[in-house]
1. At 7 Å along the Cα-to-beta-carbon direction for both Asp77 and Gln161, put a label point, then send me their distance in nm to one decimal.
2. Round to the nearest 10 and give me the degree value, 0 to 90, for the angle of helix 227-247's Cα axis relative to the longest principal axis of the chain.
3. For an R0 of 25 angstrom, estimate the FRET efficiency from the Cβ-Cβ distance between Asn204 and Ala110 and round to the nearest 0.05.
4. What angle, in degrees between 0 and 90 and rounded to the nearest 10, separates the Cα long axis of helix 34-44 from the longest principal axis of the Cα atoms of the chain?
5. Name the trypsin sites (Lys or Arg not before Pro) in the stretch 228-260 that are in a loop by DSSP and that have at most 10 other C-beta atoms within 10 Å, would you?
6. Only Cα pairs within less than 10 Å get springs; with that Gaussian network setup on the chain, which residue of Pro30, Pro90, Pro201 has the largest fluctuation?
7. Helix-only estimate, please: 222 nm mean residue ellipticity of the chain, summing -39500 (n - 2.57) across DSSP H runs of length 4 or more and dividing by its residues, to the nearest 500.
8. Per q in 0.23 1/Å, what log10 I(q)/I(0) does a Debye calculation on the alpha-carbon atoms of the stretch 254-328 return?
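Read the figures in this text as sums done on the coordinates, not as results from a lab. Predicted model, so just to flag it, every value in this text is computed and none were measured. No Cβ is skipped: glycine too gets one built from the backbone with ideal geometry, and neighbour counts run over all protein chains shown.
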Amino acid sequence: MEPLLKLTALPGLGAAVAIGLEEALKAAPPTDDTPLALRILHELGGTPDALRAVLTLELERPDFTRRATASLSWLQDEFRRVLHLPWTEPVFGIDLPRMFQGARDVRFAALPQAAQVEVRGDCVTLHEPSYQQLVASISDREELLATAMLYFLHEWVHVQQNIGQKRMVDLLREAAGESTLMQLDLSADHAAAQLTRRVEPRWNLAWLKGLQSRSLLSYPAGRGHTTASRGRKTTRFISLRLDYLVRTASRTPGWFSKLGEGYVFVDLSPGGGAMFLLVSGPPLSVVDHTRLSSEQAAFLTAIMDEREEKGDRLTDLDALLRISFRVS
């Protein structure tokens, strides 16, 4: 194999520096610029111009652990701020001061038994691995904060709904309550979005709904999910996406006044046929419906299945929902 550096072309100190750079690059985790740096050294050797060019490249990855710790500390400060905001009235039926049970501080820890949040004394404790995953997967700072805030408040609403503990969720499933779980999730999604909008007024409800729907694609239905659980995840995802499309439509649907402070959701059969568009009210109401072909139903029921591609299915889903419910 031809050596990376042409040693005969590296006179004096330049050769030694180039060799040291080569060894360091081989030992370090690669970056996007590593191949270019190695090519420059290979082609130009240890000349001053070559070394200067290599040293201007991004050849060292940032310390992810340090960056993740800093992000978690930042999120902790943001969540702590939420606890101390002057919440003067309930939001979507949620009385936040009462919900937080007098807690005044926030910290991260590994919680047992799949718990996501609990109150320990005057401190809210959050399940750290869940937020580490968000930090690792979302590079945009604004989107990270919004997604983390939505998740933080969603899990708190689940506590208010009395399903904060896994055993209660298991009991609902035992009673064939996947549809009930779906409604509890959609209600928590909407409450979290309404609360987050109050926390950060620069984020409108439509943008938050779009973020919620896209975030769900990171948690697809896999082989471990039952048919009922897969259906729940699918209906929740389609409902959130349709809620986003309705709120960003250029023409307001005739039934929009019935939406009020509530949210949009759908009901459909995996086999095709009717799909209904409903609003949570009050009162809970059917406001539109359409008929699905077997191909359309198959597409929708597989929309949350685990697979590599994400972008195309979202575009195709939006097109189908816009046509089906005349949302444009």
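1. 3.2 nm
2. 90 degrees
3. On the way: r = 35 Å, r/R0 = 1.39.
It comes out at approximately 0.10.
4. Rounded to the nearest ten degrees, it is 20.
5. Answer by residue number: Arg251.
6. Pro30
7. On the way: 13 runs with 177 residues, N = 328.
That calculation yields -17500 deg cm²/dmol at 222 nm.
8. -1.09
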